[in-house]
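The values are calculated or read from the model by the stated rules, or taken from the named source; none is laboratory data. These numbers come from a predicted model, not from an experiment. Note that each Cβ is placed from the backbone with ideal geometry, even for glycine, and that neighbours are counted across all protein chains shown.
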Amino acid sequence: MNSLKGHITGMQSEGSLTMVHVDLEGNLPLEVMVIDTPETVNYLRNGREIEVLFKETELILSREAIPNISVHNRIPCRVYRLEEGKILTRIYLNSEAGPMTALLPTTALSTMQLTEGTALTALVKFNEIMLASR
């Protein structure tokens, strides 16, 4: 599980859903959808420090400039270690927001030509992120 530190910078609620705007360390913005509102949980407050959590399998990695796509959560990073298995490879990443890990099919390594030092953009969909109170 990836865990990054951030703070809430804004929110927009409709019904029982809230789109939470978070700034990670390094001033990297994220959007996170939660099934809660400021009225139902106390951690949804502007300025509140939070933990941003997402699974290793939820990271999408790109080497190329990313076109206009619907995944807005983008974290620039660099590969610092690869643990290659027969089926899956664990990719260790450094970013301004902190270290992250991605788990990809090993066949993606050759397709993407990933090596230590490769610059990437990590993408994660807004509904695949969890928030935890700090």
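Within the option set E51, E64, E83, E31, being free of Cβ contacts under 8 Å to residues at least 12 places away in the same chain and either part of a strand (DSSP E or B) or surrounded by 15 or more Cβ atoms within 10 Å (Cβ to Cβ) (or both) holds for one residue only, E83.
This table checks each residue for (1) over 23 Å from V20 (Cα atoms); (2) touching a Phe, Trp or Tyr at 6+ places or on another chain (Cβ under 6 Å); (3) of a type in the set (F, W, Y); (4) outside any loop (DSSP other than H, G, I, E, B).
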| residue | (1), (2), (3), (4) |
| --- | --- |
| R45 | no, no, no, no |
| H72 | no, no, no, no |
| V79 | yes, no, no, yes |
| L114 | yes, no, no, no |
| L131 | no, no, no, yes |
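Name every residue in the stretch 50-87 that is among the small types (G, A, S) and over 15 Å from A102 (Cβ atoms), in order of residue number. Correct list: A65, S70.
Take the stretch 1-27 and flag every residue that is touching a Lys or Arg at 6+ places or on another chain (Cβ under 9 Å) and of a type in the set (D, E, K, R). Residues satisfying the conditions are K5, E25. Beta carbons closer than 8 Å, at least 6 apart along the sequence or on distinct chains, pair a first residue in the stretch 111-130 that is over 14 Å from P76 (Cβ atoms) with a second that is small (G, A, S) and surrounded by 11 or more Cβ atoms within 10 Å (Cβ to Cβ) for L114/A108. Any idea which of (1) over 21 Å from M33 (Cα atoms); (2) at pLDDT 95 or above is the one M100 doesn't satisfy? Failed condition: (1).
Picking from residues in the stretch 86-112 that are small (G, A, S) and assigned to a strand (DSSP E or B), the one that is farthest from D23 (Cα to Cα) is A102. Identify the residue in the stretch 86-102 that is surrounded by 14 or more Cβ atoms within 10 Å (Cβ to Cβ) and over 13 Å from the mean Cα position of the chain (by Cα) and, among all such residues, is farthest from L114 (Cα to Cα). Result: L88.
Report, by residue number, each residue of the stretch 66-80 that is at pLDDT below 85 and within 17 Å of L28 (Cα to Cα). Of everything in the stretch 66-80, just one residue is at pLDDT below 85 and within 17 Å of L28 (Cα to Cα), namely I66.
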